[in-house]
1. If you fit an axis through the alpha-carbon atoms of helix A:170-187 and take the longest principal axis of the Cα set of chain A, what angle between them do you get, 0 to 90°, nearest 10?
2. Thinking of chain B as a set of Cα atoms, what percent of all their pairs are more than 25 Å apart?
3. Only Cα pairs under 8 Å and at least 6 apart count here; give the relative contact order of chain A as a rounded whole percent.
4. For the protein assembly as shown, give me the percentage of DSSP beta bridges that are antiparallel, rounded to the nearest 5 percent.
5. Out of the trypsin sites (Lys or Arg not before Pro) in the range B:123-216, which ones are loop residues according to DSSP with at most 10 other C-beta atoms within 10 Å?
6. Taking the Cα centre as origin and putting +1 on Lys and Arg beta-carbons and -1 on Asp and Glu beta-carbons, what dipole magnitude results for chain B, to the nearest 20 debye?
7. So which lysines can A:LYS45 reach, going by Cα to Cα under 22 Å and dropping same-chain residues fewer than 8 places off?
8. Could you state the angle between the C-alpha long axis of helix B:187-202 and the longest principal axis of the C-alpha atoms of chain B, as a value from 0 to 90 degrees rounded to the nearest 10?
Amino acid sequence: MIHTTALTKEFVVGRQQTVRAVRGIGLHVDPGELVAVLGPNGAGKTTTMRMLTTLITPTSGTATVAGHDVVREPDQVRRRIGYVGQGNGAGHAHRVRDELVTQGAIHGLNRRAARRRADELLDTLGLTDLATRRVADLSGGQRRRLDVALGLVHRPPLLFLDEPTTGLDPQHRANLWDHVRRLRAAHDVTVVLTTHYLDEADAMAERVVIVDHGEIVADDSAAALKAKLAGDRIVLTVGVTASTGTDGAAGLARLAARLPGARDVVRQGDRVEAYVGNGPAALPELLRAAATAGIRVATACLYRPTLDDVFLALTGRSLREEGGVPTEAARTEVVA
Amino acid sequence: MTLTDTALRSGRGTGRRGLARDVGIVLARELRPLRHDPFSVIFGMVQPLVFLALFGPLLAGTLGDRAAGTLGHDGVWQWFVPAVLVMTTLFGTSATGSNLLFEFQTGAHERMLVTPLSRPSLLIGRALKEMVPLAGQALIIVVVMLPFGFRLHPPGALLGLALLAFFGVGLGALSYALAIAVRRQEWMFWAVQQTVIFPLMLLSGMLLPLESGPDWMRVVARLNPLSYLVAAERDLFAGRLDSTAVLWGWVAALVTVVCGVAVGVRAMVRSAD
């Protein structure tokens with residue numbers, strides 16, 4: 001569905017200053033996949049998406065989307081993709097249903113078919129009651145659903161969603177994903193999305209592509225990425241008695257090191273920390289071993305990794321802490 | 001479901017899309033909010049009448065005895081009415097970029113760019129939208145002015161409106177290009193638009209005859225495409241369909257359209273960068 005080779009995009013930002021926003025992205029997406037593209041602001045996610053949707057031309061490299069080259073046959077690509085950008089696709093002065101009918105006409109539907117399709121989508125996305133409202137009078141969540149509806153009018157086999165849930169409250173976010181999920185189940189649509197919400201990517205996507213500094217730094221299922229790059233972490237403390245002090249912790253650390261896939265075992269006072277292969281299985285095993293050895297464990301916690309841990313392991317930075325993310329200028333290398 | 005599926009497939013299969021069809025879609029989309037909001041249209045239609053009523057008598061009064069000599073023998077209204085229509089076109093179409101600027105910010109324009117709509121249709125459709133209220137305005141102005149001695153030559157008037165629409169497309173496209181060029185500093189749009197529009201208007205002999213001005217003004221006016229358009233409109237509304245001025249008017253409009261659409265499409269294709 002998507003094949004790119006060494007795709008790059010440079011922006012001229014001033015005299016003799018070029019920002020390399022995307023530096024050689026090779027992405028392959030098969031039909032029916034749901035791929036989430038993750039990365040900090042300015043990593044090149046949106047720039048990549050804009051190249052794939054024919055909005056901007058790549059500086060170098062090639063991209064074939066839905067069977068057509070984005071530079072040579074942009075019209076063919078545009079016919080086959082749905083695009084929900086970061087802004088609002090519907091014009092604010094327009095009525096909800098009018099915009100959907102117009103979108104149908106743009107994609108070659110006759111008047112009757114366009115109206116029918118508009119009503120279908122209004123129903124699917126729960127907008128029927130708002131059909132004659134002005135777009136400007138809709139709430140953020142309603143407008144976002146309309147954006148998605150606009151992207152679906154021509155039943156595209158490939159749908160691009162650029163931060164579709166940013167600014168929505170949790171209920172509307174959940175709603176929107178419900179729609180996307182149902183859509184995929186019913187029509188086998190390929191979906192490529194970017195999101196700021198790591199939990200969304202985790203829950204929704206079968207495949208996560210992490211982009212940093214304009215390059216793909218990881219590409220796998222969320223579970224595989226977490227197992228490979230972050231792993232489950234267990235943290236235990238031992239009961240301290242007057243006679244043994246924190247000696248139990250040393251024994252516990254030795255036991256932990258024997259767990260399958262154990263690494264980075266750290267003991268600090270009464271506290272033992274370790275990364276293990278399969279946390280939910282390893283923790284009870286360790287507790288049993290401790291009991292047999294007569295070590296009294298006071299507390300035991302299991303931390304399962306998030307995609308943020310994956311990003312941290314890959315880049316040394318967190319996606320979550322906005323303050324920790326370098327500024328745009330610092331992140332994108334400036335070349336003369 | 002099956003109906004839409006079939007329709008979609010046939011729509012997809014047609015391959016080449018007509019520019020006219022795309023312009024029609026963009027134009028219809030632009031006009032729809034007007035239908036829901038007729039007051040803004042009515043208000044806009046009355047404005048030129050107010051201008052006509054307040055400026056026309058002053059013009060005739062200022063020129064006094066020389067009026068017949070400078071304005072031609074057709075009378076002040078025959079001189080002034082076509083000019084007011086040109087003025088309305090000038091202001092209407094040169095402002096199209098500002099509507100676009102708004103849709104640029106919201107994302108509606110971006111959505112249209114990721115559709116198979118032909119790029120020029122996005123410019124032409126938007127510019128033509130300004131011409132629909134103008135046709136209504138022209139009708140109202142003509143009807144109101146008839147009792148005051150304005151003589152209507154229907155074929156000339158229709159050709160005059162067609163010429164205005166043609167010119168308006170070019171100007172609208174330029175306005176669109178301007179909006180794209182200044183999209184990061186919105187206020188610039190109006191600053192540039194006003195800076196360009198007023199000299200163009202005054203140096204076209206639209207409001208006041210240039211015959212009474214200094215020589216340098218007449219020289220500059222000859223380089224102003226709008227001068228040719230105004231002269232052509234005056235001839236057309238007077239029923240002189242085959243005059244040289246009319247021919248030059250079409251040439252000026254053609255040059256504006258070719259330059260405007262070329263610059264506008266170029267700006268649009270690069271706009272997402």
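1. 70 degrees
2. 49 percent
3. 19 percent
4. Within the protein assembly as shown, antiparallel bridges account for around 70 percent of the total.
5. Here the sparse-neighbourhood loop sites are B:ARG184.
6. Values: 22 positive and 16 negative charges, 183 e Å.
Approximately 880 debye in magnitude.
7. A:LYS9, A:LYS226
8. 30 degrees
Readers should treat all values here as calculations from the given coordinates under stated rules, not as data from a laboratory. Just so it is clear, the structure is predicted and the values come from calculations on it, not from any experiment. When we count neighbours, we look across all protein chains shown, and the Cβ atoms used for this are built from the backbone with ideal geometry, even at glycine.
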